[in-house]
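Working notes, beginning with the structure itself.
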Amino acid sequence: MSTVQIQSPAARRVAVRRSRLLNRVTIAWNVAEGVIAVAAGVVAGSVSLVGFGLDSGIEVSAAAILAWRLAKESRLGCMADFDRRATRLIGVSFAAIAIYVGVESIRDLIGAAEPHSSIVGIALAGVSLLVMPVLARSKRHLAPVLGSRAAASEADQTRLCALLSAVLLVGLGLNAALGWWWADPAAGVGIAVLAGVEAVKTWRADAFADTCCG
């Protein structure tokens with residue numbers, strides 16, 4: 001069990017408000033990002049870009065799960081059971097994206113499915129690579145104050161999105177610049193592996209010692 005310094009009720013209230021604001025920003029950003037990525041991925045036949053868009057959808061679901069967890073805190077006392085359930089649901093969301101993208105990427109590699117280059121996808125990955133690390137750090141700093149493993153796991157989801165942006169950017173860039181079609185599904189495999197690792201880590205994560213608010 002992780003230990004964190006128990007915070008005052010006032011500090012927790014401020015942290016909850018900030019976390020809910022970041023949560024709303026995350027949902028708005030990822031809805032837009034997911035729609036653009038999936039649409040561009042379908043047009044280009046890019047499994048990595050579609051996978052990235054689906055991960056944005058998972059990020060929205062993780063943010064919604066955390067929003068449910070934070071709403072519970074505003075009405076109820078002990079958060080241990082709710083926090084564990086929220087954390088496990090986030091872990092399942094990681095696993096879902098890992099399985100889907102992994103299968104589709106391997107299928108494209110075996111079938112030599114050559115995607116078109118996607119300037120929209122490259123631009124989207126570049127912007128995401130700038131935005132996601134900032135959001136992830138802000139969320140991660142609030143998690144110990146909240147005493148919420150679910151908040152920490154959701155921050156990890158955002159951090160994963162930043163890593164996926166980098167992998168996607170490399171895959172799409174190599175395909176566009178050098179015509180290496182296999183770089184796209186290879187990037188998809190990388191996305192699946194990263195998501196799978198996070199699924200296991202999140203599922204096995206210990207609760208914070210002050211999940212019940214001290």
Query raised in the report: List the pairs whose first member sits in segment 20-38 and is within 12 Å of residue 66 (Cα to Cα), whose second member is buried (at least 21 other Cβ atoms within 10 Å of the Cβ), and whose Cβ atoms are under 6 Å apart, counting only residues at least 6 apart or on separate chains?
Result: 20/70; 22/139; 23/63; 23/66; 26/63; 27/63
Report task. State whether the residues of segment 158-173 include one that is assigned to a helix (DSSP H, G or I), more than 19 Å from residue 55 (Cα to Cα) and touching a helix residue (DSSP H, G or I) at 6+ places or on another chain (Cβ under 9 Å). Result -> yes
Report summary line: Taking segment 185-198 and keeping residues touching a helix residue (DSSP H, G or I) at 6+ places or on another chain (Cβ under 6 Å) and modelled with pLDDT of 85 or more leaves 185, 189, 190, 192, 196
Query raised in the report: In segment 27-47, what residues are surrounded by 22 or more Cβ atoms within 10 Å (Cβ to Cβ) and either outside any helix (DSSP H, G or I) or modelled with pLDDT of 85 or more (or both)?
Result: 30, 33, 37, 40, 41, 44, 46
Report task. Could you look through segment 5-19, keep only residues that are surrounded by fewer than 18 Cβ atoms within 10 Å (Cβ to Cβ) and assigned to a helix (DSSP H, G or I), and pick out the one that is modelled with the lowest pLDDT? Result -> 9
Query raised in the report: Filter segment 83-104 for residues that are modelled with pLDDT under 85 and crowded, with 23+ Cβ neighbours inside 10 Å; which is farthest from residue 37 (Cα to Cα)?
Result: 83
Query - Residue in segment 113-134 that is surrounded by the most Cβ atoms within 10 Å (Cβ to Cβ), counting only those that are within 16 Å of residue 170 (Cβ to Cβ) and free of Cβ contacts under 8 Å to residues at least 40 places away in the same chain - result: 132
Query raised in the report: When the residues of segment 48-65 are filtered to those that are of a type outside the set (A, V, I, L, M, F, W, C) and buried (at least 22 other Cβ atoms within 10 Å of the Cβ), which remaining residue is farthest from residue 169 (Cα to Cα)?
Result: 59
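The values are calculated or read from the model by the stated rules, or taken from the named source; none is laboratory data. As the structure is a prediction and not an experimental result, all values here were calculated from the model. As a convention, Cβ positions derive from the backbone with ideal geometry for all residues, glycine included, and neighbour counts pool all protein chains shown.
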